[in-house]
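**Student:** Structure in structure tokens, see below.
The values are calculated or read from the model by the stated rules, or taken from the named source; none is laboratory data. Given the structure is predicted, the values throughout are model-derived calculations rather than measurements. Here the Cβ positions follow ideal geometry from the backbone for every residue, glycine too, while neighbour counts run over all protein chains shown. Please note that ligands, DNA and RNA were not included when accessible areas were found on the heavy atoms of the full protein model with its side chains. Shrake-Rupley method; radii C 1.70, N 1.55, O 1.52, S 1.80 Å.
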Amino acid sequence: TLQRHIASIHKGLYHKWCKVENFLSMLPEDMRARKLKLEGLEKNQKMQQTQVIDHFNAVEPGEAPVFYSDELIKEAAVEWLIATDQPIQAFEHPKFKNMIDIIAHANHGIILPNHKQAREDIIRLFKDQMKHLRERLNV
């Protein structure tokens, strides 16, 4: 087979090509060696006792959690209002209040969508609304 031919005659060139192309060697002996190495690692991992620190997330320096205070939330809200040129009534909007209530229950911070994700969600919501509107008008 081609694998045996490469392993017997072109092994050095093949390994060099794999290294240059960042390709995992598929020669049978290399696959066996990886499998044995992996099995050895699994045995070592099973033998190690876990530590309490293995179950906690590391906090980067300067990333200390911000604790809630009424003054801090007022300051952040007003800064957001000014920076995004929102109307003052934005704080009174039910959807804004709903979003803040949801965020208040987050245990490990929040992840906001980027502009591409937000765009896709807006388009999906629009299509869903149009679909529901068509269903209602066809009745």
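**Student:** Identify all residues within the range 94-120 that are within 25 Å of Asp70 (Cβ to Cβ) and part of a helix (DSSP H, G or I); write none if there are none.
**Tutor:** Pro94, Lys95, Phe96, Lys97, Asn98, Met99, Ile100, Asp101, Ile102, Ile103, Ala104
**Student:** Which residue pairs have Cβ atoms under 6 Å apart, sit 6 or more places apart or on different chains, and have a first residue in the range 101-129 that is under 23 Å from Ile73 (Cβ atoms) and a second that is part of a helix (DSSP H, G or I) and open to solvent by less than 90 Å² (accessible area, probe 1.4 Å)?
**Tutor:** Sorted first by the residue in the range 101-129, then by its partner, the pairs are Ile110/Ile103.
**Student:** Go through (1) modelled with pLDDT under 85; (2) closer than 27 Å to His105 by Cα; (3) within 29 Å of the chain's Cα centre (by Cα); (4) among the charged types (D, E, K, R) for Lys46 and report which single condition fails.
**Tutor:** So Lys46 meets the others, but not (2).
**Student:** Here's another thing I want to ask about it. For the condition over 26 Å from the mean Cα position of the chain (by Cα), of a type in the set (Phe, Trp, Tyr) and assigned to a helix (DSSP H, G or I), what is the one hit in Phe91, Phe126?
**Tutor:** Details: Phe126 fails: over 26 Å from the mean Cα position of the chain (by Cα).
The unique qualifying residue is Phe91.
**Student:** Working only within the range 1-22, note down all residues that are modelled with pLDDT of 80 or more, loosely packed, with under 11 Cβ neighbours inside 10 Å and outside any helix (DSSP H, G or I).
**Tutor:** Across the range 1-22, the qualifying residue is only Asn22.
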